[in-house]
Amino acid sequence: MTVTTPPPSGTAQSPAGYAVARGRSASFLVHRRAAVVACLLLIGLAGACLAALCLGESTVAPEQAVRVVFGLSSTDEFVVGTLRLPRLTVGLLVGAALGVAGALIQTVARNPLASPDVIGVTHGASALTVGALTYGVGSATVLPYWSVGGGLLAAGLVYLFAWRGGLHAVRFVLIGIGFAVALRSLTQLFITKADFQVAQQAAVWMTGSLNGRGYQEAEPLAWALLLLLPAVLWAARAQRTVVLDDDTATALGVRLGPVRLALATLGVLLAALATGAAGPVDFVALLAPQIARRLTRTAQIPLLCSALAGALITVLADVPARVLFSPTELPVGVVTAAIGAPYLLWLIVNTRSGGRA
Amino acid sequence: MNDQRQHHRLSARDLTLGYDESRAAVVEGLNLDIPDGEVTVIVGPNACGKSTTLRAMGRLLKPRGGAVLLDGQELSRVPTRRIAQTLGLLPQSPVAPEAITVTDLVSRGRQPHQRWWQQWSEADERAVTGAMALTDVTALADRPVDALSGGQRQRVWIAMALAQDTDLLLLDEPTTFLDIAHQVEVLNLVRQLERTVVTVLHDLNQAARYADYLVAMKAGRIVAAGRPDDVVTAELVHEVFGLEAIVIPDPVTGSPLVVPGAPVPGPRSAGTSHMRKAPIT
C-alpha cells in the first residue's frame, strides 16, 4: 500500500476510544477506558495486599509491612515475611491465572457460564491431583503435572461429548457441569480410599486453600506463568477477531479452528496450573472476567483487567478467610464460593437459551 | 465493455457444493467467471444455491468438487490471511459483539493488514475514515452498534468490509431486513465502489437495475448470465422463478423491469375492482 497524501495531522489518529502507543516500527492499540480501569484495579490490589499483610491473628502496622516487602529490617519480619507474604504471593498468582483462564474460555465458548470452574476443568485437575496423592505417586514437584493433565483431560472429554458437528453453547455448559459433578465424586472416592493423613491434606486442598501455601507452590507457578506470558499477549490480540461471528472472522483471514483451540488450551493450562498450586478456588475464573468486562465496556473480555480482578478477588477473599474464625483459618475457596455461587445462580436464571456471551 | 479478453480474477470451475455429505449437492458443476471491476449480481429463487455459491467463493464453504480460483490459484491452497488481503466478504447476518462501538467494529476490518506489533498505521486510519465517510456512518463513530437501526447497522458492516480494502468484495444479501429507502441507499453505495463486487440479491428488478453482469441460478445451476438487458426476459423469469410476468423498460433507467401478472381475485374482490382490470397480455 502506498502513501499518496499524508493525513492532515501527520500521524495516524486512533479509532474512537483507543490510544495508539507507537515505537519505531511498532504500534499498539490501547483501549483508553481499559487502561484507566487497569490502573484503578492495580491501586485496589495494592490496598488489598497491604490489608492481607497487616490483618490476621496479630495486627501489623502498615509501615512495618511495607518495610518487610522492600527487604528492610522490621520487628514483624516473621509474621509478615515468613507467614503472610508467601501466602499472598500464591494468592496473587493463582487469582491472576484464574482470571485470564476464565476470560479465555468464556471468550471461546461465547458464554459467561463456560468458566473452567463450572465446566469441570478445575475439577479434573483436582481429581487427578488427589488421585496422585492417594496412590502415592504425587510428590510436590510432580503434582502440577497431574493437575495440568487432569485439566486438559477433563476439557478434552467435555469437548468430545459436547461436539455434535458443532458446539452449542448451552449443551457445552450442561455437559461440563455434569462432568464437574462426576469428577468431584471421583475426587471424594480417592479421598475415602486414602489413608487418614493424606485424606485430611486432600480435603483442605479440595476447597481451595492458601493455608500453608508458600514459595514452594509460588515458584513453579510463577515460572509457568512467565513461560505462558507471550501466549497470553498473543491471545489478547487474537480475541479481537474471535469475538466476531465465525463467518466474519473467517472473511478477515482468521484461521478460526486453530486459534480457538489455542485460546482454549491456554485457558485450560492456566486454570489447571492455578488449581495445582492452591486447589480449586471456586468462582474466581467465573467472576473476574465478567467484572473486568463490565468495568471496561470493551467488546472482548480484557485479559489484563481480568488478571487484576482475579488477583484482587482472591487476595480480598483470603483476608476474611484468615480473620473471621481466627485462629481457625477458612479455605479461601469457601469465601469465593460464598460470593460466586449467587452470581452463578443469577447468570443461569438470566441466560437466554442462545447463551451468547 | 464487451471486450472478449476481459479479465477474471475470480472464477469457479466445476464447482460442486453441499453442506452434508449424506445429502444431495446444493450446487453441481457450476462454472462462473466474475468480470473485474464490475458489479455482478446473482439472483434466483429461494434455496437455488446462490448464497452457497457466494460463500464458496469467499472460502466460507469448502467445495465438495471443483475449485474456486483467485488469480489462477485454487482458493483452498492460498493462506486465508492472504485471501483476506484481496477478497472481502460480508456474510448474510453478521453478529456484532455486545457493546462494541462503530469505529471499533469498522477498524477490525483492518485485521488482515495488521501484525501483532503493528496494530495501527496511517493506512489503517485512512481506510477506516474513508470507509466510514463513504457509508455515511462517521457521525455514529462512538455509538454502540447494538443501539443502531437496521439500516445504520448494515452501513456499519459494509464500512467494515470496505475498510478491509480489498480489490474484490462479496456481499451476501446486503439489503435483506432493510426498508426500500435503505435498500436503494446500499445499492447506490455498491455502485459507487471502485472494485469488483459480487452480491446476492432477492429482488430481480433491483438486480436488473444495479448489475453490470447478472447471473440467474435455479436448482444449483446457472440458467443465464450476461448483461441484464440481454438476460432478463419473460421466458427467463418463467424458467427461473416459475412466474408469469411481462418485462418492460424501466421508466427511469431503461433497464428491464419485471412486472408480475395480476393478483388472483380474492373474496373481497368487489372492493378491489381495479385489480381485475389489469389482465396480463
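The values are calculated or read from the model by the stated rules, or taken from the named source; none is laboratory data. Being a predicted model, the structure only gives us computed values, none of them experimental. Here Cβ is always computed from backbone atoms with ideal geometry, including for glycine, and neighbour counts include all displayed protein chains. Note: areas computed on protein heavy atoms with side chains; ligands, DNA, RNA excluded. Shrake-Rupley method; radii C 1.70, N 1.55, O 1.52, S 1.80 Å.
At a 1.4 Å probe, what is the % contribution of carbon and sulfur to the accessible area of segment A:96-350? Write down the numbers at each step before the final one.
On the way: 7340 of 10250 Å².
Ligands and nucleic acids excluded, carbon and sulfur give 72 percent.
Give, in nm to one decimal, the length gained when the segment between B:Gln192 and B:Arg64 is fully stretched (0.36 nm per residue of separation minus the Cα-Cα distance).
Stretched out fully, the B:Gln192 to B:Arg64 stretch lengthens by 42.6 nm.
Given Cα pairs under 8 Å that are at least 6 residues apart, what percent is the relative contact order of chain A?
Details: 591 pairs, mean separation 104.3, N = 357.
Value for chain A: 29 percent.
Of the peptides B:95-108, A:281-294, how do they stack up when ordered by the mean number of other Cβ atoms within 10 Å, highest first?
On the way: B:95-108: 23.5, A:281-294: 27.1.
With the highest mean Cβ count within 10 Å placed first, the list reads A:281-294, B:95-108.
Ignoring ligands, DNA and RNA and using a 1.4 Å probe, state the total buried accessible area between A and B in Å², rounded to the nearest 100. Intermediate results must be reported in sequence, preceding the final value.
Details: alone 18000 and 14860 Å², together 29240 Å².
By this definition, chains A and B bury close to 3600 Å².
Among bridges DSSP assigns within the protein assembly as shown, what percent are antiparallel (round to 5)?
Values: 30 of 48 bridges.
The answer is about 60 percent antiparallel.
Rounded, prolate or oblate: which fits segment A:96-350 when a ≥ b ≥ c are the square roots of the eigenvalues of the alpha-carbon gyration tensor, with rounded for a/c under 1.5 and prolate only if a/b beats b/c?
Numbers: a/c = 1.69, a/b = 1.47, b/c = 1.15.
Cα axes put segment A:96-350 in the prolate bin.
Provide the gained length on full extension for the span A:Ala19 to A:Glu57, in nm with one decimal, where the gain is 0.36 nm per separating residue minus the Cα-Cα distance. Let's see the in-between values first.
Details: separation 38, 0.36 × 38 = 13.68 nm, distance 4.61 nm.
Contour length minus Cα-Cα distance gives 9.1 nm.
What accessible surface, in Å², does a 1.4 Å probe find on B:Ile180, ignoring ligands, DNA and RNA and rounding to the nearest 10?
For B:Ile180, solvent-accessible area is about 120 Å².
Quick one: check the C-alpha center-to-center distance for segment A:244-261 versus segment A:273-318, whole angstrom.
What the calculation gives is 26 Å, centre to centre.
So if R0 is 30 Å, what FRET efficiency would B:Glu74 and A:Leu233 give, r being the distance between their Cβ atoms, rounded to the nearest 0.05?
It comes to 0.30.
Measuring from centroid to centroid over Cα atoms, what is the spacing of segment B:1-69 and segment A:98-151 in Å?
If you average the Cα positions of each part, the centres end up 46 Å apart.
Work out, step by step, the length gained on full extension between A:Arg294 and A:Trp346: first 0.36 nm times the residue separation, then minus their alpha carbon distance; give nm to one decimal.
Values: separation 52, 0.36 × 52 = 18.72 nm, distance 1.55 nm.
Extending this stretch completely gives an extra 17.2 nm.
Separation between the B:Arg13 and A:Thr328 pseudo-spin-labels, each 7 Å from Cα along Cα→Cβ, expressed in nm?
Result for the modelled spin labels: 7.8 nm.
Partner chain Cβ atoms within 10 Å, averaged over the residues of A:16-23 - can you pull that number for me? Don't skip to the end; give the middle numbers.
On the way: counts 9, 7, 6, 1, 5, 2, 3, 2.
Mean number of neighbouring Cβ atoms from other chains: 4.
Counting Lys and Arg as +1 and Asp and Glu as -1, what is the net charge of the other residues whose Cβ lies under 14 Å from the Cβ of A:Arg84? Could you put the intermediate results ahead of the total?
On the way: positive: A:Arg67, A:Arg87, A:Arg213, A:Arg322; negative: A:Glu57, A:Asp76, A:Glu77, A:Asp318, A:Glu329.
It works out to a net charge of -1.
If you average the sequence gap of Cα pairs under 8 Å that are 6 or more apart and divide by the length of segment B:10-276, what percent do you get for the contact order? Let's see the in-between values first.
Numbers: 495 pairs, mean separation 61.7, N = 267.
Computed value for segment B:10-276: 23 percent relative contact order.
Counting only other chains, and only Cβ atoms inside 10 Å, what mean value do you get across the residues of B:96-106? Let's see the in-between values first.
Numbers: counts 5, 13, 7, 6, 7, 7, 2, 5, 10, 4, 2.
For peptide B:96-106, the averaged partner shielding equals 6.
Label 7 Å along Cα→Cβ of A:Phe78; segment A:52-66 residues with amide nitrogen under 16 Å?
Counting only backbone N, you get A:57-60.
Counting only DSSP beta bridges with both residues in chain B, what percent are antiparallel, rounded to the nearest 5?
Numbers: 24 of 41 bridges.
Taking every DSSP beta bridge with both residues in chain B, the antiparallel ones total about 60 percent.
About the Cα centre, and with charges only on the beta carbon of Lys, Arg (+1) and Asp, Glu (-1), how big is the dipole of chain A? Nearest 20 debye, please. Numbers along the way, then the final one.
Details: 23 positive and 14 negative charges, 253 e Å.
The calculation lands at about 1220 debye.
Taking 7 Å along the Cα-to-C-beta vector as the label spot, tell me the B:Gln92-B:Thr253 distance in nanometres, rounded to one decimal.
With each label point 7 Å from Cα toward Cβ, the separation is 2.3 nm.
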